[in-house]
Amino acid sequence: MYTSKVKAAFVHHTASGNNYSCSQAPSLIRGFYRYHVRSLGWRDIGYNFLVDKCGRIYEGRAGGVAKAVKGAHTLGFNTNTTGIAVIGSYGSKKPSSSAVKAVARLTAWKLGLHGMNPRSKTYLTSGGGNLYRKGKKVRLNVISGHRDGFNTSCPGGKLYKKLGTVRSTAARYQGR
């Protein structure tokens, strides 16, 4: 399923361990896929992209990385957004600089395809969730954390604090 445009990116963490080697990341992603499909009954992994601590970017949900594929990552805000999960838990541990830079590179490219400035804000209409009622127009950062659209601690406080860096770096990559 596709949406008309990618107006924002939601950054997540997988809330899994941080002590993986980067060569283990594909195996972890297969585990996330099995959980989303077999346990939750979704048709695919929820995130559009995943990023490991070494800064490698992986396609998550199928349908084409350059297309506006509707994910299942931020309840109420899956339309016109993309979901990026950094593998690991970032409540008390800082994300690697490689992962932060990769999220900035990815958001610069993906949002750039749709003319979106990573430093700006946009309006999204809630599909309904635990933070905003269905139909409410919400002004959010073009690069937001999962917690901005849904009542959760995701993407963890330490990763959430890096979103300002992600926004400014992504804007610089876009030449803004």
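All of the numbers you see were taken from the coordinates with simple rules; none came from a lab. Quick caveat: nothing in here was measured; it's all calculated off a predicted structure. Cβ placement follows ideal geometry from the backbone for every residue including glycine, while neighbour counts extend to all protein chains displayed.
For the reader, a short list of remarks on this structure follows.
- Ranking Ala72, His12, Ser27 by Cα position along the charge dipole of the stretch 1-76, where only Lys, Arg, Asp and Glu carry charges on their C-beta atoms, puts Ala72 farthest toward the positive end.
- Each of (1) 131; (2) 101; (3) 122 is a candidate for volume of the Cα convex hull per residue in Å³; the one calculated from this structure is (2).
- Calculated FRET efficiency, Lys5 to Ser168, Cβ-Cβ distance, R0 = 30 Å: about 0.85 to the nearest 0.05.
- Distance in nm between pseudo-label sites at Trp42 and Asn19 (7 Å out along the Cβ direction from Cα): 2.7 nm
- For the stretch 51-96, the Kirkwood estimate of the hydrodynamic radius, built from every pair of different alpha carbons, is 12.1 Å.
- Theoretical gain in end-to-end length, Ser98 to Lys158 [0.36 nm per residue, Cα-Cα removed]: 20.1 nm
- Listed by chain and number, the aspartates and glutamates placed with their C-alpha closer than 19 angstrom to that of Lys94 are Asp52; residues fewer than eight positions away on the same chain are left out.
- Summed over qualifying helices (DSSP H, 4 residues or more, each -39500 (n - 2.57)) and divided by its residue number, the chain shows a 222 nm mean residue ellipticity of -7000 deg cm²/dmol.
- Highest average first, the peptides 138-150, 108-120 ordered by how many other beta carbon atoms sit within 10 Å of their residues are 138-150, 108-120.
- Whole-Hz ³J(HN,Hα) from phi, Karplus 6.51 cos²θ - 1.76 cosθ + 1.60, for the stretch 87-97, glycine and proline x: 5, x, 10, 10, x, 10, 10, 6, x, 5, 4
- Those aspartates and glutamates that a straight Cα-Cα span of less than 16 Å connects to Lys7, excepting residues fewer than 8 apart in one chain: Asp148
- By average C-beta atoms within 10 angstrom, highest first, the peptides 77-83, 166-172, 25-31: 77-83, 166-172, 25-31
- Rounded to the nearest 20 debye, the dipole size of the chain about its Cα centre is 460 debye, using +1 on the Cβ of Lys and Arg and -1 on the Cβ of Asp and Glu.
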